[in-house]
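**Q** Got a structure for you, questions after.
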Amino acid sequence: MKHLTLNNGVKIPIFGFGTYEISPDQTKEAVLSAFKDGYHLIDTAQYYQNEQQVGEAVRASNLNRDEVFITTKTMTDGYEATKQGLDESLNKSGLDYFDLVLIHWPMGHDLDTWRALEEAYKAGKTRAIGISNFNGRQTLELINHAEIRPMVDQIETHLLLQQWKMHEFLKKENIIHESYSPLGNGQQNLMTNPVLQKIGEKYGKSPIQVILRYLVQNDIVTIPRSTNPAHIKANIDIFDFELDKEDLKQLRALDERKPIDGWPAEMREDEDY
Ligand SMILES: NC(=O)c1ccc[n+]([C@@H]2O[C@H](COP(=O)([O-])OP(=O)(O)OC[C@H]3O[C@@H](n4cnc5c(N)ncnc54)[C@H](OP(=O)(O)O)[C@@H]3O)[C@@H](O)[C@H]2O)c1
């Protein structure tokens, strides 16, 4: 598994497992299935209500705590609520620390919220801190006033919204680009996309493996979600082939700058809609 290095030196696996919309009673089993197949990064959030089960899976696995990378996200606005919420997340998960804590989405008092994350980072409650759903303007606003620079921005990124402008911006700012909904939240009929099918045939890979490989090959941390053990296993089986220049060109041409309906509209500021 390839790793990327965050701006504080911490290493993050380039590929992981998302747990949005996985119910609490399905989470432990799904995460254990992912661990068995070689995933080491698990993405949860206060909003998903499954932090407890993610922690249970970590303890039930045969992996040491320092072999897994656990991300959670806050859903509170402001310093006090976020400080309290983070302690609750640690309690619920039963973990001594997180590897990454993100502000789930901008909410208004983001600098105050960020102070709570900075404090948790300094106290060793998390090894890294970052943001999610922040566009370029919002990210700069935070960087210009924060003590500690965010290490990651997790943003909607998939075949139809490839986020190249944000990617370049984040690279310049030394912030890692993490893709959420890499399979378009399951809404994009990827398996029947003729371009993905054709490229996949060359390598004996499925259309979904092609898009996941495409993101990873562009140094984007990628966290698909599934509750189907066969899908979980297939999704990580993307490290034994390499897309060539022509494939990359064809895949890039499929970008429609099209977010999933109703998802954070502010991200559109970064594309020339
Ligand atoms: N920061 C944020 O605001 C935010 C927002 C959204 C998501 N996220 C994170 O990103 C993660 C991934 O995004 P997502 O959950 O929206 O969805 P996604 O990973 O883009 O897509 C998941 C869907 O794809 C299907 N799928 C997965 N592998 C497949 C395969 N090999 N073949 C066919 N279908 C397959 C799954 O169905 P099966 O279960 O049947 O396989 C599911 O319906 C989330 O779980 C979460 O951790 C973050």
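The values are calculated or read from the model by the stated rules, or taken from the named source; none is laboratory data. Bear in mind that the values here come from a model prediction, so they are computed numbers and not experimental data. All Cβ positions, even for glycine, are placed from backbone atoms using ideal geometry, and neighbour counts span all protein chains on display.
**Q** List, please: which pairs have Cβ atoms under 8 Å, are six or more places apart or on different chains, and start with a residue in the stretch 43-64 that is closer than 21 Å to Ser132 by Cβ and end with one that is acidic (Asp, Glu) and buried (at least 17 other Cβ atoms within 10 Å of the Cβ)?
**A** As it stands, the answer is Thr44/Glu51; Ala45/Glu51, since those pairs meet every condition given.
**Q** Can Ala253 be described as within 13 Å of the ligand (Cβ to nearest atom) and exposed (fewer than 15 other Cβ atoms within 10 Å of the Cβ)?
**A** Working: within 13 Å of the ligand (Cβ to nearest atom): no; exposed (fewer than 15 other Cβ atoms within 10 Å of the Cβ): yes.
Answer is no for this residue.
**Q** Does any residue in the stretch 179-195 that is closer than 17 Å to Thr19 by Cα come within less than 6 Å, Cβ to Cβ, of a residue that is of a type in the set (A, V, I, L, M) and more than 6 Å from the ligand (Cβ to nearest atom) six or more places away or on a different chain, and which pairs are these?
**A** Ser179/Leu215; Ser179/Ile220; Pro182/Leu215; Asn185/Ile260
**Q** Please specify each residue of the stretch 208-238 satisfying the condition of being near the ligand (Cβ under 7 Å from one of its atoms) and part of a helix (DSSP H, G or I). Reasoning before the result, please.
**A** Filtering the stretch 208-238 for residues near the ligand (Cβ under 7 Å from one of its atoms) gives 208, 223-228, 231, 234-235.
Once the filter is applied, which keeps residues that are near the ligand (Cβ under 7 Å from one of its atoms) and part of a helix (DSSP H, G or I), the stretch 208-238 yields Ile208, His231, Ala234, Asn235.
**Q** Looking at (1) in contact with a helix residue (DSSP H, G or I) (Cβ under 8 Å, 6 or more places away or on another chain); (2) within 15 Å of the ligand (Cβ to nearest atom), can you tell me which one Thr71 breaks?
**A** (1)
**Q** Please identify the pairs in which a residue from the stretch 224-241 that is surrounded by fewer than 18 Cβ atoms within 10 Å (Cβ to Cβ) has its Cβ atom under 9 Å from the Cβ atom of a residue that is of a type in the set (A, V, I, L, M) and modelled with pLDDT under 95, counting only partners at least 6 apart or on another chain.
**A** Here the result reads Phe239/Met1, each pair linking the stretch 224-241 to a residue that is of a type in the set (A, V, I, L, M) and modelled with pLDDT under 95.
**Q** Where residues in the stretch 129-149 are within 16 Å of the ligand (Cβ to nearest atom) and not aliphatic (A, V, I, L, M), which of them is nearest to Leu6 (Cα to Cα)?
**A** Per the criteria, the residue is Gly130.
**Q** Which condition breaks for Thr126 when tested against (1) exposed (fewer than 15 other Cβ atoms within 10 Å of the Cβ); (2) under 22 Å from Phe35 (Cα atoms)?
**A** Condition (1) is where Thr126 drops out.
**Q** What do you reckon, is Arg252 at pLDDT below 95 and of a type in the set (Lys, Arg)? Full working, then the answer.
**A** Details: at pLDDT below 95: no; of a type in the set (Lys, Arg): yes.
So Arg252 does not fit the description; no.
**Q** Do we have any residue at all in the stretch 185-192 that's closer than 19 Å to Leu4 by Cα and within 21 Å of the chain's Cα centre (by Cα)? Write out each step before concluding.
**A** The first filter runs over the stretch 185-192 and keeps only residues closer than 19 Å to Leu4 by Cα, leaving none.
No.
**Q** Follow-up question, since we're still on this one. Please work out which one of (1) within 11 Å of the ligand (Cβ to nearest atom); (2) closer than 25 Å to Asp244 by Cβ; (3) out of contact with any Pro (no Cβ under 6 Å at 6 or more places or on another chain); (4) of a type in the set (A, V, I, L, M) is the condition Val152 fails and give its number.
**A** With (1) within 11 Å of the ligand (Cβ to nearest atom); (2) closer than 25 Å to Asp244 by Cβ; (3) out of contact with any Pro (no Cβ under 6 Å at 6 or more places or on another chain); (4) of a type in the set (A, V, I, L, M) applied to Val152, the lone miss is (2).
**Q** Kindly indicate which of Asp219, Asp240 is under 18 Å from the mean Cα position of the chain (by Cα) and under 21 Å from Phe17 (Cβ atoms). Reasoning before the result, please.
**A** Numbers: Asp240 fails: under 18 Å from the mean Cα position of the chain (by Cα).
It is Asp219.
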